[in-house]
Amino acid sequence: MTLQVDTETRVNLRGHLVPTGLFIDGDWRVTDSSFTVTNPADATVIAEMADGTAEHALAALDAAVAASSGWRLWAPRRRADLFHRAHALLVERADAFADVMVLESGKPRAEAQGEFALSAGFFLWYAEQVAHLHGTYQEGSPGGYRIIETHQPVGPSLLVTPWNFPLLMSARKAGAALAAGCTVIMKSARETPLTAALFVQTLHDAGFPAGVVNLIHTSSSAKISSAVMADSRLRKVSFTGSTGVGSTLLTQASEHVINSSMELGGDGPFIVLDDADVDLAVDQAIICKFRNAGQACVAANRIILHSSIADEFTSKFVARTRDLTVGDGFDSKVEVGPVISQRQLDRVVGLVKSFQEIGATVLTGGSAIEGAGFFFEPTVLAFTTRRHAFCNEELFAPVAVLYTVDSVPEALAFANDTHYGLAAYLFTSDLSRAVTIAERLDFGMVGVNRGIMADPAAPFGGIKASGLGREGGHDGIYEFMERKYVALTID
Ligand code: NAD
């Protein structure tokens, strides 16, 4: 197949020129067909993206394989210097990233700026780690030889990202993979390809060699992933998204035993105990629930209140929810943007209706907002019973659901009663109680008296149906490396 090289196609978004092609082997490429990107705040089309096919994805894999042997040999300091150049260029373009994220994902600009800062922080974390990877050396058990343990890049990697945090997911995965010495094929989310394009353009401008970073956009993800995953030259898949798609990729990965990291769905309990600082819990619940219009895997999915503080928490939380300003993310007063698409809006409308049918009381909100964009009122629902058909469904919406319990064992049992295990939150003023309960929560991450978890220095990830592996922290980079043991005979 001859791929058409494109040097021209860019879309102008609020003065920022963003490429709309596929990025393969160091060039932007056009395709015969395209798909549109929509601004969820007003339902207007903001760009036409090149629509990649399985052939494009395999061309990207060819490029990643060809570039791999050179890239893996770059000395740590040289690679770290390149990372620092890329980080500086990312920071120069902070405004462009924030604007593009608001346009294609709908999030308020302050949140987009926060996502930018966290993404740049992850990239910097990996830049600093590149130069500090180490192995071990020890004597063999019977003597006479030495055990040298080292790490090497796992190889060409497929990085599949969702739309809810388009820059964070790209930077967190690509940062770790590239720092480890892997070449990558990034597959953007259909709804948010422009942020990924700007990110890849920035890495290219910083000097990442041709073929090391490749980017595919597509309207048919399944075809792309099936083609690439069936090719044994691919050695790693790192995916963030729903548990259903994650399972499909794991099945595909089994054919060639491809190394897999999965960041999947969540069903986060947010527990407020009788001795909690209720005002702090309300503040954090507002962020944890309504950030990104509730479309976060670590969002508070079940707010579990001890009966002794339930009334106070509920009245304060409902009042704060009613005060939230909803609208276009470019308006600086706006705190909650639209949901990502009409399909998502329809799903939220259906979900709230189903909750009401099984006995939930609507304390505020509950309806879609009339108009061109995909807006839903910040909503609070309350249940008197804690077990119901949808209690473990990932809401992924600006909808908070409150439950009341009478004891710590009851709270803990309800919190753990889910097949997910990503993030949990606990509010209490008793440190020893906090430690005991945190140890008993079956989740990969527990926030104590805080509702925000992500940090470049922390291992982000879940257990059970929420995934495999960790992103960030001291081990994040090793997700893209294999351990190698060399036995060396000594005379
Ligand atoms: P999704 O699984 O539908 O899509 C995620 C990505 O996978 C997108 O790029 C999509 O285009 C792609 N995709 C879809 N089908 C595919 C296939 N068959 N093969 C390969 N790629 C495919 O999820 P979503 O709706 O975009 O995101 C929401 C989900 O992501 C939620 O469940 C949420 O909890 C999860 N999520 C998890 C984390 C985490 O770190 N654990 C972070 C953000 C989102």
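Details
- The residues of the stretch 264-295 that are in contact with a Pro (Cβ under 6 Å, 6 or more places away or on another chain) and away from the ligand (no atom under 13 Å from the Cβ) amount to a single one, 290.
- Filtered by the rule that a residue be within 12 Å of the ligand (Cβ to nearest atom) and either in contact with a Gly (Cβ under 9 Å, 6 or more places away or on another chain) or aromatic (Phe, Trp, Tyr) (or both), the stretch 170-180 gives a lone residue, 172.
- Checking the stated criteria, residue 156 turns out to be in contact with a Leu (Cβ under 7 Å, 6 or more places away or on another chain), modelled with pLDDT of 95 or more, open to solvent by less than 20 Å² (accessible area, probe 1.4 Å) and closer than 30 Å to residue 229 by Cα.
Residue-wise test of (1) surrounded by fewer than 24 Cβ atoms within 10 Å (Cβ to Cβ); (2) in a helix (DSSP H, G or I).
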position: 143; (1), (2): yes, no
position: 167; (1), (2): no, yes
position: 178; (1), (2): no, yes
position: 182; (1), (2): no, no
position: 199; (1), (2): no, yes
position: 223; (1), (2): yes, yes
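Residue by residue, here is whether (1) under 20 Å from residue 284 (Cα atoms); (2) hydrophobic (A, V, I, L, M, F, W, C); (3) away from the ligand (no atom under 13 Å from the Cβ) holds:
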| residue | (1), (2), (3) |
| --- | --- |
| 404 | yes, no, yes |
| 407 | no, no, yes |
| 436 | no, no, yes |
| 444 | yes, no, no |
| 451 | yes, no, yes |
| 466 | no, no, no |
| 483 | no, no, yes |
| 489 | no, no, yes |
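- Criterion applied to 230, 222 was being on the phi < 0 side of the Ramachandran plot, more than 9 Å from the ligand (Cβ to nearest atom) and out of contact with any Phe, Trp or Tyr (no Cβ under 6 Å at 6 or more places or on another chain), and the one residue passing it is 230.
- Some residue of the stretch 396-414 being open to solvent by 10 Å² or more (accessible area, probe 1.4 Å) and farther than 21 Å from residue 307 by Cα: yes
- Evaluating residue 294 against the criteria (1) over 23 Å from residue 434 (Cβ atoms); (2) open to solvent by 10 Å² or more (accessible area, probe 1.4 Å); (3) not charged (D, E, K, R) leaves one unmet condition, (2).
- Subset of the stretch 415-432 (residues that are touching a strand residue (DSSP E or B) at 6+ places or on another chain (Cβ under 9 Å) and over 26 Å from residue 164 (Cβ atoms)): 428, 431
- The requirement of being assigned to a loop (DSSP other than H, G, I, E, B) and among the small types (Gly, Ala, Ser) is not satisfied by residue 238.
The values are calculated or read from the model by the stated rules, or taken from the named source; none is laboratory data. Note that the coordinates shown come from a computational prediction; the quantities given were computed from them, not determined experimentally. Every residue, glycine as well, gets a Cβ built from its backbone with ideal geometry; the counts of neighbours run over all protein chains shown. To get the accessible areas, we keep the full protein, side chains included, count just its heavy atoms, and leave off ligands, DNA and RNA. Shrake-Rupley method; radii C 1.70, N 1.55, O 1.52, S 1.80 Å.
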